[in-house]
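Asker: What follows is a single structure, and I will ask about it in a moment.
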Amino acid sequence: MKRNPTARLLKALALAAVTLAILLGILSIPWRGGRPATPPAVEHAAAGAGPLSAGVALRTLDLGPEPIIAGFPRLRWRADGVRDPITVRALVVSEPGCAVALVSAELLLVPGALSQAVAARLADLGLDAVVVGATHTHAGPGGWWDSLPGELGAAGPYDQATFDRLADAIAGAVRDAHAARGPAELSVARGRAPGLSRNRTGAQVDGRVLAVRLARPGGPPLAELVTFAAHPTLLGSRNRRISGDWAGRLLATSPRGTRLFFQGAIGDQSATAPPVAGVEPVEVFGAALGAVVDGLAPPPGDAAPRLATATASVSLPLLQPGAVPRWLWPATRTVLGGSFPGRVRVTAVRLGGALLVFTPAEPVEAVGRAWRALAGPDAEVISLAGDYVGYVDTAARVAAGTGEARRAYYGPDLAARLEAAVQAAALAAGR
């Protein structure tokens, strides 16, 4: 008897559908268990007393013979050359009882494994905190994130040699800065940069600028730490040359010693460069923000400012990625749950009149503002430091699917979990 090809096709499709349903059902079993909210744990705290010492160092990254470019999903990851040198910059500050290293790296982000590798290489220095932050350039080098979602979505194919070179360079810069320590004075200046950023969801613009300056007593400038919130994406996704984007331009043009840059609450903040004929937006923006920073007038330097640090860790909710349909969340947790952190750290560093709260996320302006209110009147929330848990929007916007919800990984409870760690670290560091 002759078989009906349509019936055979329908039978095959039905079998495939049943197989897929069974597989989805198996993957949807909660293999990983829940992560209920618990109070954050303060893991370490230290405070200094006495004269301040500081050292700074810069290293240009060895990108290898065939570097790849990070920042956007791509079909071809190999870079078409290097537009600007890519650097890591380290600042080590210490007083009797407390020593802290802060690193500004021209990278898209800092995976937890990279932070841990750097800390392990520096264990013999006895530092109370080693914080590695990213400028968040979307044109920087890739290959350092051993995570399938991270590789496909942003950083390109993982390469162990690239990871090791990067960890060695960061640790080496910290060692150089540690060895270069000498007496220093610290001052803090604040201002705003109107017109240089916009909120891409239509909410409030940040525009805050902070400059922490260090100089030798009675001598030349040593270093300047700057914070501002705006995505370094002016070169765009079509660019294939490695660059620090506008943040790299800002870093390269400091009249006050070696400049470090850290992003503020960047989640929904984009850069806006005024049009200048014949000049690339990257150059225009970097120069404009640099002029704002250079124009800030700080008070006289303090040779014995308050120096303290504290680190608090907190567990994270289960994955609820905004880009994935709700009915696929259980299976997503099974397949990708191990690729995202289940617990992270927030580190607060008191530098005189500024409390820097380093978070492993991209909080939107409204979330950053709420965290600052809890951390203290002189607190600044820093994004993209120590690890990466993605975007953090308000619980209401995530639940409604608005704002930056589609880019969030952990759902509406993430802001509250991290907020508790922000407050705990700030209190322990002496807000």
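Asker: At a threshold of 8 angstrom on Cα-Cα distance, excluding pairs fewer than six apart, so keeping six or more, what relative contact order does segment 100-187 reach in percent? Each step should come with its number before you reach the end.
Answerer: Values: 104 pairs, mean separation 28.1, N = 88.
That works out to 32 percent.
Asker: Additional query: Explain nothing, just compute: Karplus ³J(HN,Hα) = 6.51 cos²θ - 1.76 cosθ + 1.60, θ = phi - 60°, for every residue of segment 260-270 in order, whole Hz, x for Gly and Pro.
Answerer: 10, 10, 10, 6, x, 6, 8, x, 10, 9, 10
Asker: Got the relative contact order for segment 176-274 handy, in percent, Cα pairs under 8 Å and 6 or more residues apart?
Answerer: In percent, rounded to a whole number, it is 31.
Asker: Read phi for every residue in segment 237-252 and hand back ³J(HN,Hα) as whole Hz from Karplus 6.51 cos²θ - 1.76 cosθ + 1.60, θ = phi - 60°, with x for Gly and Pro.
Answerer: So the Karplus estimates, Gly and Pro as x, are 6, 7, 5, 10, 9, 5, 7, x, 6, 5, 5, x, 5, 4, 5, 7 Hz.
Asker: What helices does the chain hold that run 20 Å or longer along their axis, going by alpha-carbon atoms, with a Kyte-Doolittle average of 0.0 or more, using DSSP H for the helix calls?
Answerer: Working: long enough: 5-27 (33 Å, 1.85); 160-179 (28 Å, 0.03); 414-428 (21 Å, 1.23).
Helix filter hits for the chain: 5-27, 160-179, 414-428.
Asker: Can I ask one more? What is the set of long-range amide H partners of Ile68 at a cut-off below 5 Å, with H atoms built 1.01 Å from backbone N?
Answerer: Residues meeting the criterion, in which the H sits 1.01 Å from N, are Ala79, Gly142.
Asker: Report the equivalent ellipsoid semi-axes for segment 306-428 in whole Å, largest first, defined as the square roots of five times the eigenvalues of the gyration tensor built from alpha carbon atoms.
Answerer: Largest first, segment 306-428 gives 28, 15, 10 Å.
Asker: I've got another one for you. Report the FRET efficiency, 1/(1 + (r/R0)^6), for Arg406 and Leu148, where r is their Cβ-Cβ distance and R0 is 22 Å, rounded to 0.05.
Answerer: Details: r = 20 Å, r/R0 = 0.90.
It comes out at approximately 0.65.
Asker: For the pair Arg241 and Ala291, what calculated FRET efficiency results from E = 1/(1 + (r/R0)^6), where r is the Cβ-Cβ distance and R0 = 30 Å, to the nearest 0.05? Walk me through the intermediate numbers first.
Answerer: On the way: r = 26 Å, r/R0 = 0.85.
With R0 = 30 Å, the Cβ-Cβ based efficiency is 0.70.
Asker: For Leu336 paired with Gln160, estimate the spin-label separation in nm (one decimal), with each label point 7 Å from Cα along the Cα-to-Cβ line.
Answerer: 2.6
Asker: Can you give me the long-range amide H partners of Gly48? Hydrogens built in the peptide plane at 1.01 Å from N, cutoff under 5 Å, separation of 5 or more residues or another chain.
Answerer: Distant-sequence amide H within range of Gly48: Leu307, Ala308.
Asker: Please compute the length gained on full extension between Glu43 and Glu283, using 0.36 nm multiplied by the number of residues separating them and subtracting their Cα-Cα distance.
Answerer: Computed gain between Glu43 and Glu283 is 82.2 nm.
Asker: Mean separation of Cα pairs under 8 Å and 6+ residues apart, divided by the residue count of segment 78-234: what relative contact order is that in percent? Show your work: numbers first, answer last.
Answerer: Working: 246 pairs, mean separation 30.1, N = 157.
Rounded, it is 19 percent for segment 78-234.
Every read-out reported here was derived from the displayed coordinates using simple, explicitly stated rules and does not represent laboratory data. In this text, all values refer to a predicted model and were calculated from it rather than measured experimentally. So basically every Cβ, Gly included, is an ideal-geometry build from the backbone, and we count neighbours across all protein chains shown.
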